[in-house]
Amino acid sequence: MVERNAGHAGRVAIITGGTGEIGRAVAARLLDFRVRVHVLDINTPGDRSDRYAPVFHTVDVTNERRVEAVFDDIARDEGGIDYLIYCAGIFRPCAVIDLTRDELARTIAINLSGAFLCCRAAIRVMRTRRFGRIVLLSSLIARVGTVNGAHYAASKGGLLGLARSLALEVEEEGIRINTVSPGVVDTAMPRAHSSDEKLAEVGRAIPLQRIARVDDVAEACLFLLDEDSASLTGQDLSVNGGAVLW
Amino acid sequence: MARIALVTGAGSGIGEATARTLAAAGWHVVVCDRNADGAEKTAAAIRGSGGSAEAVELDITNIPATQAAARELSARHRLIEAVVANAGISGDGVAFEAVTEQAYDAMMAVNVKGHFFLLQALVPAMKQTGRGSIVVMSSMFALIGHTSMAHYTAAKGGLLALSKALAAELGPAGIRVNAVAPGLIRTPMTEKNTGGDEAVFVQRAARIPLRRLATMQDVADTVAYLVSPASAAITGQTLSPSGGEAFTD
């Protein structure tokens, strides 16, 4: 496996939604490479393994002032911010007809607006040192849609447009911004809505015969953070076992 | 024991950079090229750097010979686990109306037909072991279009579509298939096309988000990722090392 990751050591990463399963997997990989990891989440962390020792901050990513304050604190304490990985997200399936304005607003706020706020705060810091790597977690659903998930699909689709626009806006500033679009990932989120049997059935319908694991998604994030992807920006990396080939 | 990767068109340019990068990552590389000297030069350079490689003269437009060579290599190596379908010829600066049937056929013969039948001959061994990763070298221009290269774009688009069809069909057998769609890269081939005109490369770089052309190494690194275990859940996808010039999908 190609790993030119000597550059990761000592860098500073912020992971939003970092107590979720994908966020934890990304954090664990970065900690392996001796990155200084800061986890932002509205939830307090659950069980911690020995390796899971990031700095934890309670943050509601929809709270603009809180986001600005935390990014300022981290930048000041660490001397800068190198990586932002945006994993914060919610999905409460609901038919459009029954969707309340509050539920719609909440989904957009956490999944998309929060990403906007965090990217803005990160870029302010990254551009002063002309270095930055941002990965936003979108979703397969952004492109293919899903019943009872129009609000989720719209929020995740917004991340694709956001990433591409930001990639253009930070031209010449040493900052790369990309998205990762997982299909179904074996985490609590799909398990909340689907039985084991249903998920196994979903896996069998996929060319690679399995749904993705959190490690698959974490590896995709790592690729986009390291120098092996040095010429990739504004790109979407789909991790879906071939479930969707376009 | 080293895992085996086969790279076509590895005697120069992107293929050579890819072969070297895979060798540095621990693969034994079967360096294929229709130019025997080029293949041997790449293999020798790899061995000189402490890597493992063998050179094979292979003209993939000769279908029977290519399939025979592929079967012989598969038998000798038991499993060629990674295949980089990179060999290709350029078709730059040719107006659509000026493309001859001969030029069209030559373009399709190398890019699409040759790789189609090479992969067909290599896949049985991959299926037996349930492991494989194929990367086809398409082009950013197949995604976004370009003037004066209609037959090239059509061929690179054909390769791209083939990668998706194979991803669907071979996925259940444990074989992943992805595409790399580079933007303009400075290679011996493209330098010949511009007649050594620096301005072409400089002007293009100035318009790219990352303000530099992607390099052969960038392309090689993208390929290396797609054949590595790190991308185990990724198939049927396209990555475009292009400095941001093409946002894929």
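Annotation: A:L208 fulfils all but one of (1) under 30 Å from A:F33 (Cα atoms); (2) more than 9 Å from chain B (Cβ to nearest Cβ); (3) of a type in the set (A, V, I, L, M); the unmet one is (2). Given the structure, is B:A181 touching a residue at least 12 places away in the same chain (Cβ under 8 Å), small (G, A, S) and at negative phi? Judged against the criteria, B:A181 is a match.
Considering (1) farther than 30 Å from A:R11 by Cβ; (2) modelled with pLDDT under 95; (3) facing another protein chain (nearest Cβ under 7 Å); (4) within 20 Å of the chain's Cα centre (by Cα), the lone condition that A:R191 does not fulfil carries the number (3). What residue, among those in region B:239-249 that are assigned to a loop (DSSP other than H, G, I, E, B) and at the interface with chain A (Cβ under 8 Å from one of its Cβ atoms), is nearest to B:A17 (Cα to Cα)? The residue in question is B:P241.
Got a sec? Which of A:A243, A:A230 is more than 7 Å from chain B (Cβ to nearest Cβ) and over 15 Å from the mean Cα position of the chain (by Cα)? That would be A:A243, the only listed residue that is more than 7 Å from chain B (Cβ to nearest Cβ) and over 15 Å from the mean Cα position of the chain (by Cα). Does B:G158 satisfy being of a type in the set (G, A, S), part of a helix (DSSP H, G or I) and closer than 16 Å to B:L6 by Cα? Judged against the criteria, B:G158 is not a match.
Just one of the listed residues (A:E171, A:E219) is part of a loop (DSSP other than H, G, I, E, B) and either within 20 Å of the chain's Cα centre (by Cα) or within 12 Å of another protein chain (Cβ to nearest Cβ) (or both), and it is A:E171. For region B:186-224, give me each residue that is assigned to a helix (DSSP H, G or I), of a type outside the set (G, A, S) and within 14 Å of chain A (Cβ to nearest Cβ). Passing the criteria: B:R204, B:M216, B:Q217, B:D218, B:V219, B:D221, B:T222, B:V223. Remark: pairs (first residue in region B:69-80, touching a residue at least 60 places away in the same chain (Cβ under 8 Å); second residue of a type in the set (S, T, N, Q) and surrounded by fewer than 16 Cβ atoms within 10 Å (Cβ to Cβ); Cβ separation under 6 Å; 6+ apart in sequence or on different chains) = B:L79/B:T129. Evaluate region A:154-161: report whether one residue or more is in contact with a Phe, Trp or Tyr (Cβ under 7 Å, 6 or more places away or on another chain) and surrounded by 18 or more Cβ atoms within 10 Å (Cβ to Cβ). Taking every residue of region A:154-161 in turn, none turns out to be in contact with a Phe, Trp or Tyr (Cβ under 7 Å, 6 or more places away or on another chain) and surrounded by 18 or more Cβ atoms within 10 Å (Cβ to Cβ). Among the residues of region B:162-181, is there at least one that is polar (S, T, N, Q), out of contact with any Phe, Trp or Tyr (no Cβ under 8 Å at 6 or more places or on another chain) and farther than 26 Å from B:E81 by Cβ? No. Scanning region A:120-138 for residues that are crowded, with 24+ Cβ neighbours inside 10 Å and among the basic types (K, R) returns a single hit, A:R133.
Taking region B:193-249 as the range and being among the acidic types (D, E) and without any contact (Cβ under 8 Å) to a residue 12 or more places away in the chain as the test, the residues that pass are B:D197, B:E198, B:D249. Without any contact (Cβ under 8 Å) to a residue 40 or more places away in the chain, surrounded by fewer than 23 Cβ atoms within 10 Å (Cβ to Cβ), out of contact with any strand residue (DSSP E or B) (no Cβ under 6 Å at 6 or more places or on another chain) and assigned to a loop (DSSP other than H, G, I, E, B): is that true of A:E201 in this structure? The answer is no for A:E201. Between B:G236, B:G183, the distinction of being within 22 Å of B:L122 (Cα to Cα), within 11 Å of chain A (Cβ to nearest Cβ) and in a loop (DSSP other than H, G, I, E, B) belongs to B:G236 only. The number of residues in region A:147-177 being free of Cβ contacts under 8 Å to residues at least 40 places away in the same chain and of a type in the set (S, T, N, Q) comes to 1.
Which residues, counting only those in region A:128-143, are in contact (Cβ under 8 Å) with a residue 40 or more places away in the chain, within 14 Å of another protein chain (Cβ to nearest Cβ) and touching a Gly at 6+ places or on another chain (Cβ under 9 Å)?
Those that are in contact (Cβ under 8 Å) with a residue 40 or more places away in the chain, within 14 Å of another protein chain (Cβ to nearest Cβ) and touching a Gly at 6+ places or on another chain (Cβ under 9 Å): A:R130, A:F131, A:G132, A:S138, A:S139, A:L140, A:R143.
The values are calculated or read from the model by the stated rules, or taken from the named source; none is laboratory data. These numbers come from a predicted model, not from an experiment. Neighbour counts run over all protein chains shown; Cβ positions are idealised from the backbone, glycine included.
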